Amino acid sequence: MNRHLRWLPFVSLVLAPACGGDAPAADGPSVALLTSGPVSDAGWHAGAYEGLQLIGDSLGLHISHQQTRTPAEFDEAFISYAEAGYGLIFGHGFEYQDAASRAGEAYPDVTFAVSSGSRPSENVVPIIFGLHEASYLAGMAAGAITRSGIVGMVGGVEIPSAKGTFIAFEAGVKAMREDATVLETFIGSWDDASAAKEAAAAQLRQGADALIHNVDAASFAFFQAVREVREDGRTAWAFGMNRDQNDVAPDVIAGSAAIDIPKIFLQTARAWQDGTLEGPLFTGLAAGAVDFVPNPAQRGVIPPLALRQIEEARLLIAERKLEVPRIDFLEPAAGNPSGS
Amino acid sequence: MSGLRPAAAATAALVATLAIAAALLAVGGYSPGVAFTALARGAFGSWDLFVSFTLVRATPLLLTGLAVALAFRAHVWNIGAEGQLHAGALAGVAVAIFLPLAHPLLLLPATLLAGAAAGALWASVPAAMKTRMGVGEVITTLLMNFVALFLAQFLVQGPLREARGVFNQTDEIPAAARLPTLLPDTRLHLGFLIGIAIAVALWLYLTRTPGGFRIRAVGASVRAAEVSGRFRAEPVIWRAFLASGAIAGLAGWIQVSGITHRMYEGLSPGWGYTAIAVALLARLHPLAVVLTAIVFGALSAGGAAMQREAGVPDVWVRGIEALVILAVLAVDKGLQVLGRRGSRA
């Protein structure tokens, strides 16, 4: 038995400095962010991280970020931050809703903001990005530039927020070109680069020449697929999603359906500081939170007439005169079970 | 031979590992001191951190580690703990959701049985292929992992999808199917104790029973065991496969029952594979697996704290975790070699 435990002194050496000492309490009001993917994705997670940094720089608040690996880590991360004195904790994605609700009950003094969340309570604030509105405008652009009349959509996991952007995109395409065929593939992952590339390549083979995605780190491979079909002499365009990705692949992107996540995070943190933060928070075109951004490096790809029509639609949506199809995934507000 | 030389070697390896990790961190622009402090504190900083984070993370590693250790003892190279874990989780969830038993004393045992049975069932395919057709289990158990992962994906997107049909996950399991918390105000659940109990049981089985002796005999040499004429190896190999699969299946269901309360894609970050390192580091000794699982749990909990407190990104944390694991395995091997030389002298 002793033989088996010889490495014990080694382990205890590693751990010796650990014992004693409390976790460092956050200094003053502090804001934390949880993401379930790498913040180097130049999209959904990157936007959130930029927002966190903006909060740190603009409001002078202490900030911290953790990338969680499995849903079991969600609770742990919320508890860790709440125990360390963080007052506002962003969970960036619908997947954090359950854990945020649990943490919200356990830590009534801490505010939990859940991007695309579904269950508001006193201190759990879902932030609903009206990305479908921008996606509709991107769809109009795709409908205007497709020559084959076939448009593709490559999604990550088929969740309501992602599906909603595709429904709106398809409506936008059809608004410009009624007879268009719209292909849809969900690859079952946000980060699987080879699956995204394969799905895009398959749609390109079926004749699609204007493609949008809604994945995270896999988007680089999605853009690469469009780039490669170009090398075969075909014309095809890609659209960016979630964040203004025009600079990610300026050679193939016609425009991006973008959320200004940093701006919304900053507004959320300000409201939290002022004690005026209440959820759920809806934020779309009217608030300047989302928009369709044509790629400045590819001026002329989207015909001027189409750009004017897109501009008109943008105004109509902002004035609530044009209803973009969407999926509502918000649940009825929960009561306060503790009664406190 | 004196115990000083291994201790000195271990210390030297430790210092070298820390130096390499520190240099890497410094190159990346992160303070090694802050990072290591965070790593250590995240795992052992307080009783609560140790119990709620480190031991909770150690639990699936403990169970899968035991599954691997038992199989490897019989020279059954079960690389399929990951798939058996998913099979167990799926079966447990299905029973918890569809079996109309309201009382925890009925429902919990039923789900635990289902989890273990599904894990064993998953392991029975490679077992049959090995004993009937001589197909190497390294490949079959590994491939069965992918089948399990895709099955899980299919089920949570289809038949087992939550009733409101919004997300790719099952409904929450009823309260009667949840493992109780061990200590009040912590996240540690009964699953950890189940793991310890299985470790002790396995140790007694392997060292004190004829069945355990046969497993060790087959592990030492299948041919020698058969030539001795006292027993056939095939049933022993079957038993090792099934028991290993059952324990791994339990690991999956216990994680759902104790922590997540739902099944979804990506339940495990690869525990079934890490389990191989856990078991090897424990030199396949069931009681030592308890300790190595806690070490790996601590490393994982500390890694998360390194992100939160030292701002070290996840990819760096994973790299450093891998480095530490490699170093520990290398030291372990070095000590073995030193020990052998010592005993010869």
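The values are calculated or read from the model by the stated rules, or taken from the named source; none is laboratory data. If you're wondering where the values come from, they're calculated on a predicted model, not measured in any experiment. Positions of Cβ are generated from backbone atoms using ideal geometry, with glycine treated the same way; all protein chains shown enter the neighbour counts.
The figures follow:
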{"item": "Subset of segment A:86-124 (residues that are under 17 Å from A:S30 (Cβ atoms), within 12 Å of chain B (Cβ to nearest Cβ) and of a type in the set (F, W, Y))", "result": "A:Y86"}
{"item": "Evaluation of B:L280 against (1) within 10 Å of chain A (Cβ to nearest Cβ); (2) touching an Asp or Glu at 6+ places or on another chain (Cβ under 9 Å); (3) more than 18 Å from B:G45 (Cβ to Cβ); (4) not hydroxyl-bearing (S, T, Y) (one fails), failing number", "result": "(1)"}
{"item": "Members of segment B:221-236 found to be part of a helix (DSSP H, G or I) and either modelled with pLDDT of 95 or more or loosely packed, with under 13 Cβ neighbours inside 10 Å (or both), listed by number", "result": "B:R223, B:A224, B:V227"}
{"item": "Selection from segment B:46-69 of residues that are over 10 Å from B:A248 (Cα atoms) and either within 11 Å of chain A (Cβ to nearest Cβ) or surrounded by fewer than 24 Cβ atoms within 10 Å (Cβ to Cβ) (or both)", "result": "B:S46, B:W47, B:D48, B:L49, B:F50, B:V51, B:S52, B:F53, B:T54, B:V56, B:R57, B:T59"}
{"item": "Residues within segment A:192-240 that are in contact with a Leu (Cβ under 8 Å, 6 or more places away or on another chain) and either free of Cβ contacts under 8 Å to residues at least 24 places away in the same chain or in a helix (DSSP H, G or I) (or both), tallied", "result": "7"}
{"item": "Candidate set: segment B:273-307, residues that are of a type outside the set (A, V, I, L, M, F, W, C) and over 30 Å from A:A32 (Cα atoms); chosen: the one modelled with the lowest pLDDT", "result": "B:R283"}
{"item": "Any hit, segment A:104-111, residues being in contact with a Leu (Cβ under 8 Å, 6 or more places away or on another chain), of a type outside the set (G, A, S) and closer than 27 Å to A:G188 by Cα", "result": "no"}
{"item": "Some residue of segment B:288-301 being under 12 Å from the mean Cα position of the chain (by Cα), surrounded by fewer than 20 Cβ atoms within 10 Å (Cβ to Cβ) and more than 10 Å from chain A (Cβ to nearest Cβ)", "result": "no"}
{"item": "Every residue from segment A:280-316 that is among the small types (G, A, S) and under 20 Å from the mean Cα position of the chain (by Cα)", "result": "A:G284, A:A286, A:A287, A:G288, A:A289"}
{"item": "Extreme residue, farthest from A:A258 (Cα to Cα), among residues of segment A:40-62 that are of a type in the set (A, V, I, L, M) and crowded, with 24+ Cβ neighbours inside 10 Å", "result": "A:I55"}
{"item": "Failed criterion for B:G29 (all others in (1) touching a helix residue (DSSP H, G or I) at 6+ places or on another chain (Cβ under 9 Å); (2) away from every other protein chain (no Cβ under 14 Å); (3) free of Cβ contacts under 8 Å to residues at least 60 places away in the same chain; (4) of a type outside the set (A, V, I, L, M) hold)", "result": "(1)"}
{"item": "Complete set of residues in segment B:302-345 that are among the basic types (K, R) and either more than 8 Å from every other protein chain (Cβ to nearest Cβ) or touching a Phe, Trp or Tyr at 6+ places or on another chain (Cβ under 6 Å) (or both)", "result": "B:R318, B:K333, B:R340, B:R341, B:R344"}
{"item": "Extreme residue, farthest from B:L66 (Cα to Cα), among residues of segment B:278-298 that are touching a Phe, Trp or Tyr at 6+ places or on another chain (Cβ under 7 Å) and part of a helix (DSSP H, G or I)", "result": "B:A298"}
{"item": "Enumeration of residues in segment B:259-272 that are modelled with pLDDT under 95 and more than 9 Å from every other protein chain (Cβ to nearest Cβ)", "result": "B:M263, B:G270"}
{"item": "Candidates A:T276, A:T268 - the one that is polar (S, T, N, Q) and touching a Gly at 6+ places or on another chain (Cβ under 9 Å)", "result": "A:T268"}
{"item": "Filter result (surrounded by 24 or more Cβ atoms within 10 Å (Cβ to Cβ) and in contact with a Ser or Thr (Cβ under 7 Å, 6 or more places away or on another chain)) within segment B:87-108", "result": "B:G92, B:V93, B:A96"}
{"item": "A:D75 being in contact with a helix residue (DSSP H, G or I) (Cβ under 8 Å, 6 or more places away or on another chain) and of a type in the set (D, E, K, R)", "result": "yes"}
{"item": "Hits in segment B:219-272 (condition: under 17 Å from B:A127 (Cβ atoms), in contact with a Gly (Cβ under 6 Å, 6 or more places away or on another chain) and of a type in the set (A, V, I, L, M, F, W, C))", "result": "B:A246, B:A248"}
{"item": "Selected residue [assigned to a loop (DSSP other than H, G, I, E, B), surrounded by fewer than 24 Cβ atoms within 10 Å (Cβ to Cβ) and under 17 Å from the mean Cα position of the chain (by Cα)] from A:S148, A:S189", "result": "A:S189"}
{"item": "Verdict on A:V14 being within 9 Å of chain B (Cβ to nearest Cβ), assigned to a loop (DSSP other than H, G, I, E, B) and either modelled with pLDDT of 95 or more or buried (at least 20 other Cβ atoms within 10 Å of the Cβ) (or both)", "result": "no"}
{"item": "Segments classed as helices (runs of 4 or more DSSP H), wholly inside segment B:1-98, with at least 1 members that are within 30 Å of B:Q153 (Cβ to Cβ)", "result": "B:56-73, B:81-98"}
{"item": "Hits in segment A:75-85 - residues which are at the interface with chain B (Cβ under 9 Å from one of its Cβ atoms) and not β-branched (V, I, T)", "result": "A:D75, A:E76, A:A77, A:S80, A:Y81, A:E83, A:A84"}
{"item": "Failed condition for B:T207, given (1) among the polar types (S, T, N, Q); (2) over 21 Å from B:A114 (Cβ atoms); (3) surrounded by 18 or more Cβ atoms within 10 Å (Cβ to Cβ)", "result": "(3)"}
{"item": "Residue count for segment B:96-128, restricted to those that are in contact (Cβ under 8 Å) with a residue 24 or more places away in the chain and among the β-branched types (V, I, T)", "result": "2"}
